[in-house]
Amino acid sequence: MRRVGFLLDGRKIQLFCIYDGASSESLSEEMSVVETEILADFAADVLTEVRLVRIDAPGAIKLEAVWVYARKEASSN
């Protein structure tokens with residue numbers, strides 16, 4: 001997992017999980033748990049969307065989001 005973040009758009013929360021390598025069933029399950037925990041903190045009419053996005057390192061992550069986790073990676077300098 002390279003990064004985890006979110007965007008708020010009105011009553012919708014988009015969750016992003018940026019990963020590299022092959023996707024796994026456990027990654028989908030882990031993000032489903034994250035989604036459930038977030039939904040528990042908001043009103044019933046708030047919608048969520050989980051997006052698993054593969055961007056292999058050292059590929060640049062150009063998505064705009066509030067990042068709550070970022071793996072330490074070598075700089076591209």
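Failed condition for E73, given (1) within 14 Å of M1 (Cβ to Cβ); (2) without any contact (Cβ under 8 Å) to a residue 40 or more places away in the chain; (3) over 12 Å from the mean Cα position of the chain (by Cα), with all others met?
Only one criterion is unmet by E73, namely (2).
Looking at (1) in contact (Cβ under 8 Å) with a residue 24 or more places away in the chain; (2) part of a helix (DSSP H, G or I), which is the one condition that is false for E29?
Of (1) in contact (Cβ under 8 Å) with a residue 24 or more places away in the chain; (2) part of a helix (DSSP H, G or I), only one is false for E29: (1).
Hey, among G10, G21, which residue is within 24 Å of K72 (Cβ to Cβ), without any contact (Cβ under 8 Å) to a residue 40 or more places away in the chain and not aliphatic (A, V, I, L, M)?
The conditions single out G21.
Considering (1) free of Cβ contacts under 8 Å to residues at least 40 places away in the same chain; (2) surrounded by 10 or more Cβ atoms within 10 Å (Cβ to Cβ); (3) not in a helix (DSSP H, G or I), say which one V4 fails and leave the rest.
With respect to (1) free of Cβ contacts under 8 Å to residues at least 40 places away in the same chain; (2) surrounded by 10 or more Cβ atoms within 10 Å (Cβ to Cβ); (3) not in a helix (DSSP H, G or I), V4 is out only on (1).
Every number here is computed from the coordinates shown, using simple stated rules; none is lab data. Keep in mind the model is a prediction, meaning the values are calculated, not measured. Ideal geometry is used to build each Cβ from the backbone, glycine not excepted, and the neighbour counts take in all protein chains shown.
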